[in-house]
Amino acid sequence: MPLTNELRDDILASVPSLRAFAISLSGNGDRADDLVQETLLRAIANIDSFQPGSNLPAWLFTILRNLFRSDYRKRRREVEDAEGNYAKTLKSQPSQAAHLEFEEFRAALDKLPQDQREALILVGASGFSYEDAAAICGCAVGTIKSRVNRARSKLSALLYVDSAEDFGPDNTVRAVIGGNGG
Amino acid sequence: MKEIKKQGGLNAEIQSRIGHQLRAMYDDVVRQGVPDRFAELIRKLDGPEAAAAAVAGGDTDKNNGGD
């Protein structure tokens, strides 16, 4: 399909959610924007292969996800350094308590295997159907469902497993993260 | 994991909380809209050839030396 002005507008309209996806995956705002830029360039370079009438956001997310995965292997060290950087990308700084809770959530999310994290984000935050998420990740619908379920269980365990007992979620997360070093 | 499932109501509450946090994190970025650099990038690209050239140029810039 040729690069019409309408298509340009549609691509632009996907940029905010592409950035959110990239930041959720990488945990690093600068790197996320590099990923988005690369995604846009590659999308436009290959615009002839986009089928008119098909799901443009899903197509763009697929490109970004594949770029992230190939890039990830090269940059694993930087990804480990990303914890905490996410907050810098926020326009409005949350309150201290909310900020702490947010950092804990972010840290727990980063503990998930990559397959589970991306499935959870696509379905739980981007709002894609299981079918679209499966197409983006190149796997079966049942696989996406099981990844999302495992991601939710693991986040529950990391964040809230002892919340009904003496420990608050803060202590639980620190204990889990602290005990995970070996 | 099994223990959590047994807690039933608590699990539903936790799941709703996780969903809320996930969307809050995501939507905070979505609300930032389109940064100027991307609007300009898309505006100035004439078509696939220009984009392909930019991809190639970018690859040269961050030459990783092969690892």
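The values are calculated or read from the model by the stated rules, or taken from the named source; none is laboratory data. Because the structure is predicted, anything quoted here is derived from the model rather than measured. Cβ: placed from backbone, ideal geometry, glycine included. Neighbour counts: every protein chain shown.
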> Of the residues that sit in segment A:10-38 and are aliphatic (A, V, I, L, M) and over 23 Å from A:P113 (Cβ atoms), which one is surrounded by the fewest Cβ atoms within 10 Å (Cβ to Cβ)?
Replying inline: A:A13
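Quick grid of which residues meet (1) outside the structural domain of A:N55 (by TED's automatic domain parsing); (2) modelled with pLDDT under 65; (3) more than 15 Å from the chain's Cα centre (by Cα):
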site	(1), (2), (3)
A:D81	no, yes, yes
A:G84	no, yes, yes
A:H99	yes, no, yes
A:F105	yes, no, no
A:D115	yes, no, no
A:L120	yes, no, no
A:G124	yes, no, no
A:G127	yes, no, no
> Out of the residues in segment B:12-39 that are small (G, A, S) and more than 7 Å from chain A (Cβ to nearest Cβ), which is nearest to A:R8 (Cα to Cα)?
Replying inline: B:A24
> Hey, does segment A:28-47 have a residue that's at pLDDT below 95 and either aromatic (F, W, Y) or closer than 12 Å to A:S126 by Cβ (or both)?
Replying inline: no
>> Out of everything in segment A:147-182 that is in a helix (DSSP H, G or I) and either surrounded by fewer than 15 Cβ atoms within 10 Å (Cβ to Cβ) or assigned by TED's automatic domain parsing to the domain that holds A:R65 (or both), what residue ends up being modelled with the highest pLDDT?
In response: A:N149
> Among the residues of segment A:121-146, which ones are assigned to a loop (DSSP other than H, G, I, E, B) and under 26 Å from B:A24 (Cβ atoms)?
Replying inline: A:A125, A:S126, A:G127, A:F128, A:S129
> In this structure, is A:N46 surrounded by fewer than 21 Cβ atoms within 10 Å (Cβ to Cβ), within 17 Å of A:C137 (Cα to Cα) and not aliphatic (A, V, I, L, M)?
Replying inline: no
> Taking only pairs six or more apart or across chains, which ones have beta-carbon atoms under 7 Å, a first residue in segment A:51-69 that is at pLDDT 95 or above, and a second residue that is buried (at least 17 other Cβ atoms within 10 Å of the Cβ) and among the basic types (K, R)?
Replying inline: A:I63/A:R42
>> Restricting to segment B:11-48, count the residues that are at pLDDT 85 or above, of a type outside the set (A, V, I, L, M, F, W, C) and part of a helix (DSSP H, G or I).
In response: 16
> Out of all the residues in segment A:22-46, which are more than 15 Å from B:E49 (Cα to Cα) and within 8 Å of chain B (Cβ to nearest Cβ)?
Replying inline: A:I23, A:S24, A:D33, A:V36, A:Q37
>> With the requirement that a residue be in a helix (DSSP H, G or I) and either under 17 Å from A:P2 (Cβ atoms) or among the acidic types (D, E) (or both), what does segment A:48-59 give you?
In response: A:D48, A:S49, A:L56, A:W59
